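Input: a single structure, listed below in structure tokens.
Every read-out reported here was derived from the displayed coordinates using simple, explicitly stated rules and does not represent laboratory data. What you see is a predicted model, and the numbers here were worked out from it, not measured in a lab. As a convention, Cβ positions derive from the backbone with ideal geometry for all residues, glycine included, and neighbour counts pool all protein chains shown.
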């Protein structure tokens, strides 16, 4: 199944951000530390130009620290980018962002004109909570669901920083397809846009391969389940997610697994690594080339048939 979610207000947000971007000195792009690539909006480089970017890997307390370190190293290979992990349980980490904004603008006399920053990020990545922490008061509405912020707003912060908040938005096509699944697993896509059993099977397969010991510890298993469905079957039986005939309700069991994964009950878990993403992108390009070749061949055959028909 392909997962896509691009509501109308997100299309509007993209246009508005493009209009304001020339006035911005620095971008704060919030990513989910568990899925730094999948939560990195590919429209940002297009909109950014040469504007410096601080990539904030939020929810770092939920992510595998060793994998997070690999992502930071990868991001900082690009000019004008600084990447930092933060946890919203640590307000001092967040407040250090204001000083970093100024440090990345060494040629600016900040006493005359403060840094104009724009915060960007996908839905439910934690932008509003971060803004409230920076401001020291409740300014932005928060909620544990995608799409809470609807309009831009400007906020004056300490260190003479003017921050423009923007609605979280995704992009029209989520590719590779695994990106859509990871976004759904972590809560960036509204639950109405996907099937819980589908994304739970995806998550269960990954967890069994990457973090089998954490899965077994969470569900007190003595043997590792054979596959993703077997894990959901065990979970469903233990949590009473049964249908008539003694069959496990995969929707209910899947919802439990996803809820517990989002809450960090498996321990620190990262859902993608730089090497994994490199391979996925390579495979996606190959698949796209194959589809393009097949399409060209079909068009060639169609034209040949059309010529024969009108001779």
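Quick notes on this one:
- Full extension of the segment from residue 43 to residue 307, taken as 0.36 nm per residue of separation minus the current Cα-Cα distance, would add 90.8 nm.
- Across every direction, the projection of the convex hull enclosing the Cα atoms of the stretch 195-262 has a mean area of 4.2 nm².
- For the pair residue 238 and residue 289 in one chain, pulling the backbone fully straight at 0.36 nm per residue adds 13.8 nm over the alpha carbon distance.
- Highest mobility in the GNM of the chain, judged by mean-square fluctuation with C-alpha springs under 10 Å and restricted to 246, 267, 187, is found for 246.
- Calculated over the stretch 9-165, the projected area of the Cα convex hull averaged across directions stands at 8.7 nm².
- Its DSSP H runs of at least 4 residues, each contributing -39,500 (n - 2.57), put the calculated 222 nm mean residue ellipticity of the chain at -15000 deg cm²/dmol, to the nearest 500.
- FRET efficiency, 1/(1 + (r/R0)^6) with R0 41 Å, evaluated for residue 247 and residue 156 via beta carbons: 0.10
- Fully extending the segment from residue 279 to residue 89 would add 65.1 nm, taking 0.36 nm per residue of separation and subtracting the current Cα-Cα distance.
- Antiparallel DSSP beta bridges within the chain, percent to nearest 5: 25
- Percent of Cα pairs exceeding the 24 Å cut-off, where the set is the chain: 58
- Two-site FRET efficiency, residue 216 against residue 107, from Cβ-Cβ distance with R₀ of 45 Å, rounded to 0.05: 0.25
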